[in-house]
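*Asks:* Here you go, one structure.
Just so it is clear, none of the values below were taken in a lab; they were calculated from the coordinates. In this text the structure is predicted, and so the values were computed from the model without any measurement. FYI the Cβ positions are ideal-geometry reconstructions off the backbone, even for glycines, and counts take in every protein chain you see.
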Amino acid sequence: MSQLTALLLAGANGHAPLIAASADALVANDPFAASRRIGYADERFAAGITTLTGIVEVTGHPVSEMLVLHQGTLTFSRAGQTLQVGPGDSLVIAAGTDFSLQASPDSLWAWFADIQPEVGTAPGMTVLDRRAHLNPSSPPDDQILIGPAPQCRANNLFQAGALRVGVWDSTPYERRSRGHLCHELMYVTEGEVTLRLGDGERVVNAGDTVFVPKDADCAWVSTVYVRKFYAVS
């Protein structure tokens, strides 16, 4: 069995390692089956990238997923309203949502999806505001901290079942390695962090999207303020 480790889904420099992978459907009626690349999947959650040019019509989106756009422009039309997102923007599409999507040439986004969404999830789209108001949140446990406890804040902007998506920030800190407590996609909007993993180190810069699977050995070292979008389960 291969070792669980963090995956760079898309970088600020345009690097997207999964771009060479074959496209695959996430679920049987996946509207992005022809353009979706899957980097990680288990029976409930998955992460990867999608590359798309053109128009897709979606009736009852089969999954709930967070998107982080890295390249191109996406224009969503839903219920008479239009939403346009560009590089660095992020949104959540809830399961059951009807929409039309027009993607400019060679659009590319990273995603994290709940492939068995909760029954009764309210359809809709939630745009993540990188300047959203944040509330104090718990720092890492004292047992794994190296040095002073940081000041952490967060705001869940979308929640459905086990999937939570929002914005988090923290002052610098370092913690020891432990199994990651959840699946997490993170898009760093400000700062830089080094993840020390079982197979080496990953420096995550502003503009990078990485996925860390649950139970992957992971230590955190940040020497500057860090702010990120997150999707966790």
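*Asks:* If you average 1/r across every pair of different Cα atoms in the range 102-233 and take the reciprocal, what Kirkwood value do you get, in Å?
*Replies:* Taking every pair of different Cα atoms in the range 102-233, averaging 1/r and inverting gives 15.9 Å.
*Asks:* Among Lys228, Lys214, what is the fewest-to-most ranking by other Cβ atoms within 10 Å?
*Replies:* In increasing order of surrounding Cβ atoms, one gets Lys214, Lys228.
*Asks:* May I pose another question? With a 10 Å cut-off between alpha carbons and a GNM built on the chain, which of Ala79, Ala132, Ala113 moves the most?
*Replies:* So, out of Ala79, Ala132, Ala113, the one fluctuating most is Ala79.
*Asks:* In whole Å, what are the extents of the chain along the principal axes defined by its C-alpha atoms, from largest to smallest?
*Replies:* 51, 39, 34
*Asks:* Exposure proxy check: Val119, Val212 ranked by fewest other beta carbons within 10 Å?
*Replies:* The fewest-first ordering by Cβ neighbours comes to Val119, Val212.
*Asks:* Please give the FRET efficiency for Ala21 paired with Asp141, using the beta carbon to beta carbon distance and R0 = 35 Å, rounded to the nearest 0.05.
*Replies:* 0.45
*Asks:* Give a residue-ordered list of calculated ³J(HN,Hα) values for the range 126-134 (Karplus: 6.51 cos²θ - 1.76 cosθ + 1.60, θ = phi - 60°; whole Hz; x for Gly, Pro).
*Replies:* Taking θ as phi minus 60°, the curve returns 10, 8, 7, 9, 5, 9, 4, 5, 10 Hz for the range 126-134.
*Asks:* Shifting gears a bit: Return His15, His61 ranked ascending by Cβ neighbour count within 10 Å, so the fewest neighbours appear first.
*Replies:* If I rank by nearby Cβ atoms, fewest first, I get His15, His61.
*Asks:* How big is the range 179-233 in terms of Cα radius of gyration and Dmax, in angstroms?
*Replies:* Both quantities, over Cα of the range 179-233: 10.5, 27 Å.
*Asks:* Something else now. Under unit Cβ charges (Lys, Arg +1; Asp, Glu -1), what dipole magnitude, rounded to 20 debye, does the range 135-232 have relative to its Cα centre?
*Replies:* Once rounded to the nearest 20, the dipole reads 200 debye.
*Asks:* Once Rh is set to the Kirkwood radius over Cα pairs, what Stokes-Einstein translational diffusion coefficient, in µm²/s, holds for the range 106-160 at a temperature of 10 °C and a viscosity of 1.306 mPa s?
*Replies:* 105
*Asks:* Could I ask something else about it? Kindly provide the Kirkwood hydrodynamic radius of the range 7-127 in Å, to one decimal, from all pairs of distinct alpha carbon atoms.
*Replies:* 14.3
*Asks:* Shifting gears a bit: Suppose every K and R has +1 on its Cβ and every D and E has -1 on its Cβ; what is the size of the dipole of the chain about the Cα centre, in Debye to the nearest 20?
*Replies:* The calculation lands at about 340 debye.
*Asks:* On to the next question. Under 10 Å, Cα contacts only: if you run a Gaussian network model on the chain, which one of Gly200, Gly88, Gly48 comes out with the highest mean-square fluctuation?
*Replies:* Gly200
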